[in-house]
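Colleague: Could you have a look at this structure, given as structure tokens, before my questions?
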2 protein chains.
Amino acid sequence: MKTKRFILQDRDLPTQWYNIQADMVNKPLPLLNPATRQPMKAEDLFPVFAEELCRQELDQEHSYIDIPEPVQEMYRYYRCTPLVRAYGLEKALDTPAHIYFKNESVSPVGSHKLNSAIAQAYYCKQEGVTNVTTETGAGQWGTALAYAARVFGLEAAVYQVKISYEQKPYRRSMMQVFGAQVTPSPSMSTRAGKDILTENPNYQGSLGTAISEAVELARMTPGCKYTLGSVMSHVTLHQTVIGLEAEKQMEMAGEYPDTIIACFGGGSNFGGIAFPFMKHKILEGKKTRFIAAEPASCPKLTKGKFEYDFGDETGYTPLLPMFTLGHKFTPANIHAGGLRYHGAGVIVSQLMKDGYMEAVDIEQLDSFKAGCLFARAEGIVPAPESCHAIAATINEALKCREAGESKVLLFNLSGHGLMDMSAYDQYLAGNLSNYTYNG
Amino acid sequence: MKTKRFILQDRDLPTQWYNIQADMVNKPLPLLNPATRQPMKAEDLFPVFAEELCRQELDQEHSYIDIPEPVQEMYRYYRCTPLVRAYGLEKALDTPAHIYFKNESVSPVGSHKLNSAIAQAYYCKQEGVTNVTTETGAGQWGTALAYAARVFGLEAAVYQVKISYEQKPYRRSMMQVFGAQVTPSPSMSTRAGKDILTENPNYQGSLGTAISEAVELARMTPGCKYTLGSVMSHVTLHQTVIGLEAEKQMEMAGEYPDTIIACFGGGSNFGGIAFPFMKHKILEGKKTRFIAAEPASCPKLTKGKFEYDFGDETGYTPLLPMFTLGHKFTPANIHAGGLRYHGAGVIVSQLMKDGYMEAVDIEQLDSFKAGCLFARAEGIVPAPESCHAIAATINEALKCREAGESKVLLFNLSGHGLMDMSAYDQYLAGNLSNYTYNG
């Protein structure tokens, strides 16, 4: 009997997240207060984020952090997600590579984002918060937060990047079904939004702008905290449930990945699947390769600079030590809205600098070509973001075919693309194009 | 530890489908040749369907029919689907009822339809067929067949009811991503379509019309067979994997359902979950209630007549002994496209006549209200069809609250509604209405 899916029993699910910061040889550089240029402490972040999340953000001591029982209970609702052997894709590529993917698209909201949304909403509730706010690009994060807020009885206000709001109106409907308030960003509801619209009334928005608006709302509203779907270290911490499960599931499959691949926006789905495996590279010198697949039009890892930069457009956030294209960078209107961010998380940036991982960039047309091939082979229509991971995996699998090598490739299917069919429609009609990065 | 999801291991998955015809006290009446009024034999159906499917259609002898190993292999890709205890919904309704649902929405194509699509495509391939054709309403079946055809290397041509084609353009994109040809019905590509369009150029289509077109294409094209997503007995046979799994999963949960509920279009998701449990009602007199939830605007079970009628608009099919609103019935433009069919499958019709089950009708607005409540409570946006089952379940759960009874309710979540967000959008904006059935 050929086993295609590997699934853990509830009793084998992770009860702790993995905090790679504790094991890193070179720790991430500190976040800096932009006014004083002094390193920030957890308390300095309290006005914006739930306190426990601030502590997790800067924790460089504890390798493992307990997952609270109510969060575990919600995880058990949709986790363990399947580890799938992609026999269909292998056959379509005629490759000797063994291709596995972790299927995060089966979460009720359709992506890995729920893993952190549940944790963030839980800590906010615990600390007496009544309202949460956030930004969203493609809408995967906004949807996850909208549902998680509902679970813990919080109100949610989401700023959605205007281009995505227009490209994917049904993401907005989905957030509204879950009871969230959704505003296209830039909006006139914040000073940051007003300033940007005054300067450029037709601005299509960016994650950086939407973050400015949400942070401003959180600062101005009593009982309201800001939450973020990627980039921050505590978000990636929560996403390590993906890799921790995958490690046990690969054991069930009797293999160990040679190469681990994920798409890259701010780094949370990448770090989520990669870090539990990377631990063995850091501590035991294991030779696993880690590949971040970013869009050619937003190539922060392959063409950005490692420097201190703001996380948002307006400059409300601390200065972050990261690979960045500059916080004023305006991304092209690619459909992978979740990858249109100018910077990389501080942990990943340090690991990239230290050579633990590599990055490739993928053109938009190649990403959709890969997505369609995958859909026909495996039956799942992948999110445009995930298509980047698939394209990078296909490239590796084809190298294996040329070399006649049976390498084990594992990628993260971060979400499904069922809310992105307009993009597929345009791709199939030949109406999509690539975008050049002009530095 | 509160268990929310019950999942079987691969080794416990069904290896046979359950054929309720063999156990029925009053067997379904025969299908009749419309010209001669003579009962049809399996051979008479060979020109249209794969031969093995024709034999399954009329099999009243074997209680269990083996699932071929390649079909089991594909099932293992996404099955067992979770049985979920809907704690969130119970809490939202403040009911002492225990509510469970079988989550068929996790299939890669988003609904239970894949269970039969895989089987039908497999038998077609086995018998040397190269092309398959079918009709689809909401697009759940068309999507499933498109993917299943791809898996077994068949070409697929899908006639989609025009109103759904226009209401849900992204379903078309999804079928096209899987490589199917999609035509809005009525079309000018068949005689049946031409005749209907000549009479009424603005006709929005119906499943009955789309069936006529697909059957005509299959008859006229060498190497091409017709496939159907519901109504036929062999389709419901394949869907019994749902109930067979659910039976074992309810055992894991330590309960037995008092009431089993599913939405009702042609009967395949209903029969799929109900029949393995109904076996015990027929053979052992167990008191379980079975409720089919149909739309108030297409009430074949609650307001239709039991009589011989055609399965399609034009009259290409055999005469079927069933509850029907008449094969010329034009359904209202409700968003639950999969429930807009004039007749009920012959097995269900006989069971209904014999009092083994009951039916309720649900207004469109009540269905969406129930769907939104469920989404907020459980995180899954249900298909408009499934919303009917949820509405009926909520009604039962509220009766339990009034009576202070902890009944065990089980419903089938036949699919997710992520391709139906335009309908939710209209509902939330107050732009949907109910439709009266005028007989």
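Colleague: Taking into account only those residues within the range A:422-439 that are surrounded by fewer than 24 Cβ atoms within 10 Å (Cβ to Cβ) and of a type in the set (A, V, I, L, M, F, W, C), which is nearest to the other protein chains (Cβ to nearest Cβ)?
Modeller: This residue is A:L428.
Colleague: Further, regarding this structure: From the list B:R219, B:R191, pick out the single residue that is away from chain A (no Cβ under 14 Å), surrounded by fewer than 21 Cβ atoms within 10 Å (Cβ to Cβ) and modelled with pLDDT under 95.
Modeller: Working: B:R191 fails: modelled with pLDDT under 95.
Answer to the selection: B:R219.
Colleague: A:M174 is checked against (1) within 13 Å of chain B (Cβ to nearest Cβ); (2) within 21 Å of A:S206 (Cβ to Cβ); (3) buried (at least 23 other Cβ atoms within 10 Å of the Cβ) and fails just one. What number does that condition carry?
Modeller: Against the list (1) within 13 Å of chain B (Cβ to nearest Cβ); (2) within 21 Å of A:S206 (Cβ to Cβ); (3) buried (at least 23 other Cβ atoms within 10 Å of the Cβ), A:M174 comes up short only on (2).
Colleague: Can I ask one more? Please enumerate the residues belonging to the range B:372-398 that are under 14 Å from B:F270 (Cα atoms) and within 12 Å of chain A (Cβ to nearest Cβ). Walk me through it before giving the result.
Modeller: The first filter runs over the range B:372-398 and keeps only residues under 14 Å from B:F270 (Cα atoms), leaving B:385-390, B:392-393.
Of everything in the range B:372-398, just one residue is under 14 Å from B:F270 (Cα atoms) and within 12 Å of chain A (Cβ to nearest Cβ), namely B:C387.
Colleague: Being in contact with a helix residue (DSSP H, G or I) (Cβ under 8 Å, 6 or more places away or on another chain), more than 30 Å from B:C372 (Cα to Cα) and more than 11 Å from chain B (Cβ to nearest Cβ) is true for just one of A:P28, A:P39, A:P68. Which residue is that?
Modeller: On the way: A:P39 fails: in contact with a helix residue (DSSP H, G or I) (Cβ under 8 Å, 6 or more places away or on another chain); A:P68 fails: more than 30 Å from B:C372 (Cα to Cα).
It is A:P28.
Colleague: If you check B:Y147 against the conditions, is it in contact (Cβ under 8 Å) with a residue 12 or more places away in the chain and crowded, with 20+ Cβ neighbours inside 10 Å? Even if it seems obvious, please write down each step before you answer.
Modeller: Working: in contact (Cβ under 8 Å) with a residue 12 or more places away in the chain: yes; crowded, with 20+ Cβ neighbours inside 10 Å: yes.
So B:Y147 fits the description; yes.
Colleague: Does A:A397 qualify as being touching a Phe, Trp or Tyr at 6+ places or on another chain (Cβ under 7 Å) and among the small types (G, A, S)?
Modeller: Details: touching a Phe, Trp or Tyr at 6+ places or on another chain (Cβ under 7 Å): no; among the small types (G, A, S): yes.
Against the criterion (touching a Phe, Trp or Tyr at 6+ places or on another chain (Cβ under 7 Å) and among the small types (G, A, S)), A:A397 does not qualify.
Colleague: Would you check which residues across the range B:17-43 are without any contact (Cβ under 8 Å) to a residue 24 or more places away in the chain and more than 25 Å from B:N269 (Cα to Cα) and list them?
Modeller: Filtering the range B:17-43 for residues without any contact (Cβ under 8 Å) to a residue 24 or more places away in the chain gives B:35-36, B:38-39, B:41-43.
Selection gives B:A35, B:T36, B:Q38, B:P39, B:K41, B:E43.
Colleague: Kindly evaluate B:K286 against the criterion of being outside the structural domain of B:V161 (by TED's automatic domain parsing), out of contact with any Cys (no Cβ under 6 Å at 6 or more places or on another chain) and touching a residue at least 40 places away in the same chain (Cβ under 8 Å). Reasoning before the result, please.
Modeller: On the way: outside the structural domain of B:V161 (by TED's automatic domain parsing): yes; out of contact with any Cys (no Cβ under 6 Å at 6 or more places or on another chain): yes; touching a residue at least 40 places away in the same chain (Cβ under 8 Å): no.
Spelling it out, it is not the case that B:K286 is outside the structural domain of B:V161 (by TED's automatic domain parsing), out of contact with any Cys (no Cβ under 6 Å at 6 or more places or on another chain) and touching a residue at least 40 places away in the same chain (Cβ under 8 Å).
Colleague: So, one more: Out of the range B:132-171, which residues are among the small types (G, A, S) and either within 12 Å of chain A (Cβ to nearest Cβ) or more than 17 Å from A:E378 (Cα to Cα) (or both)?
Modeller: Pass one, the range B:132-171, residues among the small types (G, A, S): B:137-139, B:142, B:144, B:146, B:148-149, B:153, B:156-157, B:164.
Matches in the range B:132-171: B:G137, B:A138, B:G139, B:A144, B:A146, B:A148, B:A149, B:G153, B:A156, B:A157, B:S164.
Colleague: While we're looking at this one, here's another question. Against the condition farther than 12 Å from A:A214 by Cβ and either acidic (D, E) or at pLDDT 95 or above (or both), how does A:K125 come out, does it pass?
Modeller: Details: farther than 12 Å from A:A214 by Cβ: yes; either acidic (D, E) or at pLDDT 95 or above (or both): yes.
For A:K125, the condition - farther than 12 Å from A:A214 by Cβ and either acidic (D, E) or at pLDDT 95 or above (or both) - is met.
Colleague: Got a sec? Which of B:L197, B:L217, B:L207 is under 30 Å from B:N434 (Cβ atoms) and touching a residue at least 12 places away in the same chain (Cβ under 8 Å)?
Modeller: Details: B:L197 fails: touching a residue at least 12 places away in the same chain (Cβ under 8 Å); B:L217 fails: under 30 Å from B:N434 (Cβ atoms).
Being under 30 Å from B:N434 (Cβ atoms) and touching a residue at least 12 places away in the same chain (Cβ under 8 Å) holds for just one of B:L197, B:L217, B:L207, which is B:L207.
Colleague: Residues in the range A:359-372: is at least one farther than 18 Å from A:S433 by Cα and surrounded by fewer than 24 Cβ atoms within 10 Å (Cβ to Cβ)?
Modeller: Filtering the range A:359-372 for residues farther than 18 Å from A:S433 by Cα gives A:359-360.
Next cut, surrounded by fewer than 24 Cβ atoms within 10 Å (Cβ to Cβ) only: A:359-360.
Scanning the range A:359-372, I find at least one residue that is farther than 18 Å from A:S433 by Cα and surrounded by fewer than 24 Cβ atoms within 10 Å (Cβ to Cβ), so the answer is yes.
Colleague: Just for helices (runs of 4 or more DSSP H) wholly inside the range A:323-439: which have at least 2 residues that are of a type outside the set (V, I, T), out of contact with any Lys or Arg (no Cβ under 8 Å at 6 or more places or on another chain) and closer than 21 Å to A:T259 by Cβ?
Modeller: Working: elements: A:346-353, A:364-378, A:384-403, A:421-428.
Here the list reads A:346-353, A:364-378, A:384-403.
The values are calculated or read from the model by the stated rules, or taken from the named source; none is laboratory data. Just so it is clear, the model here is predicted, and its values are computed rather than measured. All Cβ positions, glycine included, derive from the backbone under ideal geometry; neighbour counts span all protein chains shown.
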